[in-house]
Amino acid sequence: MRQGDESAFRQLYDRHSRQVAAFIFHLTHSAVDAEDILQETFLTLWTSREQLPAIVNPASYIFIIARNKTLDHLRKIARQQKLVDHVWANISATADALDLELDARESQQLINTALSRLSEQQRTIFRLSRQDGLDHATIADKLHLSKSRVKNVQVETLRFIRQFLSQHAEFLLLLCLLSNF
């Protein structure tokens, strides 16, 4: 084979290819990968035939080449899987953030719709309380209302918003379900 005798190579292939393929399949659990690695093994043997040392046991030499090629293949798969896992984690985190942002926007739109159905005074008190963080006494002073009036308007407003959101609960449930897919 060292002199390029193809029939000698064919005999070597015919004699050892089944056992080598079974060995590779045992390590990879993939018939396709086993066939590819088997071909690479014998291709390496053929292309480096002129540099081959005097081989006493050709089967052992072929199995060593096959083992090394298989380990290289498994390492490559492991690196690819780590890369896929890393990319998927980044995509999932980004998608989750986008889903949360979309859900928040759609929920806020629903709240804004509810607020648009309130009186000007109710909207103003709600904004000062919930968005600006002012307490009832400060709002009462600012709007020249009694503290109890501000509290009553706030209670009415929150009751209305809760009712409005509960009437549109199907929409919010649909948003949650869609964001999970």
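If you rank D14, D33, D5 by how much accessible surface each has, with a 1.4 Å probe, what is the order from largest down? Before the final figure, lay out the partial values.
Values: D14 95, D33 35, D5 75 Å².
Listed by decreasing accessible area, they come as D14, D5, D33.
Run the simple label-point estimate for Q121 and H144 please: 7 Å along Cα→C-beta, distance reported in nm.
Result for the modelled spin labels: 1.3 nm.
Beta carbons within 10 angstrom, averaged per residue: use that to sort the peptides 158-167, 50-59, highest first.
Details: 158-167: 13.2, 50-59: 9.4.
For the peptides 158-167, 50-59, the packing ranking is 158-167, 50-59.
Residue by residue, what Karplus-based ³J(HN,Hα) values in Hz, rounded to whole numbers, does the stretch 107-116 have, using 6.51, -1.76 and 1.60 with θ = phi - 60° and x for Gly and Pro?
5, 5, 4, 5, 5, 4, 4, 4, 5, 5
The values are calculated or read from the model by the stated rules, or taken from the named source; none is laboratory data. From a predicted model like this one, the values you see are computed outputs, not experimental measurements. With ideal geometry, Cβ positions are generated from the backbone for all residues, glycine too; neighbour counts draw on all protein chains shown. Please note that ligands, DNA and RNA were not included when accessible areas were found on the heavy atoms of the full protein model with its side chains. Shrake-Rupley method; radii C 1.70, N 1.55, O 1.52, S 1.80 Å.
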